[in-house]
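The values are calculated or read from the model by the stated rules, or taken from the named source; none is laboratory data. Every value quoted in this text rests on a predicted model; they were computed, and no experiment measured them. Because the Cβ atoms are built from the backbone with ideal geometry, glycine has one as well, and the counts that use them run over all protein chains shown.
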Amino acid sequence: MTPATLFAESWGRFRGPNGTGVAENTGGLPVSWSNEKNLVWKTPAARGSSCPILVNDLIVFTGYSGYGEKLDDPGERDSLELHVIAISRNDGSPKWTLTLDPSPEEQEATPRVADHGYASPTPCTDGEKIYAAFGPSGVVCCSLDGKEIWRTSIGTGVAGFGAAASPIVYEDLVYINAAIESQSLVAMNKHSGDIVWKVEDINRAWTTPTIVTPKNGTPELVMHHKELIRGYDPKTGEILWTCRGIPDYVVPGIVVVDDILYCSGGRQNRTIAVQAGGRGDVTETHKLWEVTVGANVTTPLFHNGYLFWSHDKGMAQCLNAEDGSTLFRERYESRDRVYASLVLGDGRLYAQLRDGTCVVMAAEPEHTILAENKLGDGDEQFNATPAFDKGRIIFRSTKAVYCVGTK
């Protein structure tokens, strides 16, 4: 099997194929598990909040060490190290670690910063290389055996929350939302790391850009930030269209369904549906609906005509994707905060909570809980969105990576 074929079966970026959160060819995912049941393996890992990705026989994620690992005793700032880490998909055994020196502009480990850490953006892969972002410490490209190929600065600005936007790769370019680092959307040559183009008016966004191909057949790069949703020419950065967006900062990713974009965010929670493919100001012509429901942090998931969220304030919610009407909003029993976004496999929704609880729900417009499962020792946080590996689920906490499955 070629690397490209293996990559096609893998979970190669934040929330899997084009950021949908939907797994294909899962082959019998577990519904129930614990520290004793259906736990295939557990591997200690450096602290971090980035999600695991899969490529060839590897699980790849980022982490940090040496500073900021304990809120009450952060250590010495000069001891901070950043890591790109690979472990075995089969048994979780360590494969390699690429260690990087941080930028001097990395923030001090205040309680707010340390709560999320210095390794929150999720890496991505094209099946041949890995691309990982570390905010003011730049974007690094490495080989599948952990050798650094290039490293590019995207700016050194910081914000209280820290870095979070994940890179994506499309054709020959790597894209990163650098709103925090340089108020920019940046496109880099994936072979050299050279900046090919940059848009410099991106405001208050931690979201990951996405690719959509409208009915006219011309791919667009779409970015959502404070006040604006925009479509760009992926090759040049030319603005193709603009739609009025959410008047607040934006964290959730954009969900693409054919040529419809579902964009959410803001502290007061809003969701906008807009059709791609227009030109100029499309607010009046291509915006389909807008509602005051959504989430501040987590990205929605589309399935069978419905939008589902695992809301960051500890709720499951569902909207009708056709008109934005609310179908249910139900609080999780544990009431814990949520940073991970929903994923779907075998027709079931998996909602990971920060305390290690994963709520398994039916992907239906009636709220139905199928199981509640718990991993961890109670002293670790599960901030990362899980990844699917055929019949297994990969979870990442601030202490370890867990693989659950029935085989």
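Of the residues in region 305-359, how many are among the small types (Gly, Ala, Ser), farther than 18 Å from Gly294 by Cβ and buried (at least 18 other Cβ atoms within 10 Å of the Cβ)? Can you show your working first?
Taking region 305-359 and keeping what is among the small types (Gly, Ala, Ser), we get 305, 310, 314, 316, 321, 324-325, 334, 340-341, 345, 347, 351, 356.
Within this subset, residues satisfying the condition of being farther than 18 Å from Gly294 by Cβ are 334, 345, 347, 356.
Subsequent filtering for residues that are buried (at least 18 other Cβ atoms within 10 Å of the Cβ) retains 345, 356.
Looking only at that region, the number is 2.
Of the residues Gly146, Gly138, which is over 18 Å from Met223 (Cα atoms) and either aromatic (Phe, Trp, Tyr) or in contact (Cβ under 8 Å) with a residue 60 or more places away in the chain (or both)?
Working: Gly138 fails: either aromatic (Phe, Trp, Tyr) or in contact (Cβ under 8 Å) with a residue 60 or more places away in the chain (or both).
Going through Gly146, Gly138 in turn, the sole match is Gly146.
Each residue in region 366-392 was checked for being over 18 Å from Pro121 (Cα atoms) and part of a loop (DSSP other than H, G, I, E, B), and 11 pass.
A quick yes/no check of all residues on (1) touching a strand residue (DSSP E or B) at 6+ places or on another chain (Cβ under 6 Å); (2) without any contact (Cβ under 8 Å) to a residue 40 or more places away in the chain; (3) of a type outside the set (D, E, K, R); (4) surrounded by 15 or more Cβ atoms within 10 Å (Cβ to Cβ):
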position: Val22; (1), (2), (3), (4): yes, no, yes, yes
position: Glu36; (1), (2), (3), (4): no, yes, no, no
position: Ala46; (1), (2), (3), (4): yes, no, yes, yes
position: Ile59; (1), (2), (3), (4): yes, no, yes, yes
position: Ser65; (1), (2), (3), (4): yes, yes, yes, yes
position: Gly68; (1), (2), (3), (4): no, no, yes, yes
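Among the residues of region 262-301, write down those that are among the small types (Gly, Ala, Ser) and assigned to a strand (DSSP E or B). Hits for region 262-301 are Ser264, Gly265, Ala273, Gly280.
Could you go through region 226-249 and let me know if any residue there is at pLDDT 95 or above, buried (at least 20 other Cβ atoms within 10 Å of the Cβ) and of a type in the set (S, T, N, Q). No, that holds for no residue. Summed over region 101-125, residues that are at pLDDT 95 or above and among the acidic types (Asp, Glu) total 1. Looking at (1) more than 26 Å from Arg47 (Cβ to Cβ); (2) of a type in the set (Val, Ile, Thr); (3) touching a Ser or Thr at 6+ places or on another chain (Cβ under 7 Å), can you tell me which one Ile369 breaks? Of everything listed in (1) more than 26 Å from Arg47 (Cβ to Cβ); (2) of a type in the set (Val, Ile, Thr); (3) touching a Ser or Thr at 6+ places or on another chain (Cβ under 7 Å), Ile369 misses just condition (3).
It is to be established whether one or more residues within region 205-225 are farther than 24 Å from Val257 by Cβ and out of contact with any Leu (no Cβ under 9 Å at 6 or more places or on another chain).
The answer is no, given that none of the residues of region 205-225 is farther than 24 Å from Val257 by Cβ and out of contact with any Leu (no Cβ under 9 Å at 6 or more places or on another chain).
Taken over region 311-337, the criterion of being at pLDDT 95 or above and within 17 Å of Gly253 (Cα to Cα) is satisfied by Gln317, Cys318, Leu319, Ala321.
Give the residue that is nearest to Tyr175 (Cα to Cα), with candidates limited to residues of region 208-242 that are hydroxyl-bearing (Ser, Thr, Tyr) and part of a strand (DSSP E or B). Give the derivation first.
Applying the first criterion (hydroxyl-bearing (Ser, Thr, Tyr)) to region 208-242 yields 208, 210, 213, 218, 232, 236, 242.
After this cut, where a residue has to be part of a strand (DSSP E or B) as well, the list is 210, 232, 242.
Details: Thr210: 9, Tyr232: 12, Thr242: 19 Å.
For region 208-242, the residue satisfying everything is Thr210.
Residues of region 302-324 that are assigned to a loop (DSSP other than H, G, I, E, B) and either touching a His at 6+ places or on another chain (Cβ under 6 Å) or farther than 13 Å from Leu342 by Cα (or both): Asn304, Gly305, Lys313, Ala321, Glu322, Asp323, Gly324.
Name the strands (runs of 3 or more DSSP E) wholly inside region 83-177 in which the number of residues that are among the β-branched types (Val, Ile, Thr) and out of contact with any helix residue (DSSP H, G or I) (no Cβ under 9 Å at 6 or more places or on another chain) is 2 or more.
Numbers: elements: 94-100, 129-133, 139-143, 148-152, 168-170.
Of the strands (runs of 3 or more DSSP E) lying wholly inside region 83-177, those with at least 2 residues that are among the β-branched types (Val, Ile, Thr) and out of contact with any helix residue (DSSP H, G or I) (no Cβ under 9 Å at 6 or more places or on another chain) span 94-100, 139-143, 148-152.
Note on region 393-407: residues that are surrounded by fewer than 23 Cβ atoms within 10 Å (Cβ to Cβ) and either more than 23 Å from Arg47 (Cβ to Cβ) or touching a Cys at 6+ places or on another chain (Cβ under 9 Å) (or both) total 3. Mind listing whichever residues of region 243-261 are more than 19 Å from Ala178 (Cβ to Cβ) and either touching a His at 6+ places or on another chain (Cβ under 6 Å) or assigned to a strand (DSSP E or B) (or both)? Correct list: Cys243, Arg244, Val255, Val256, Val257, Ile260, Leu261.
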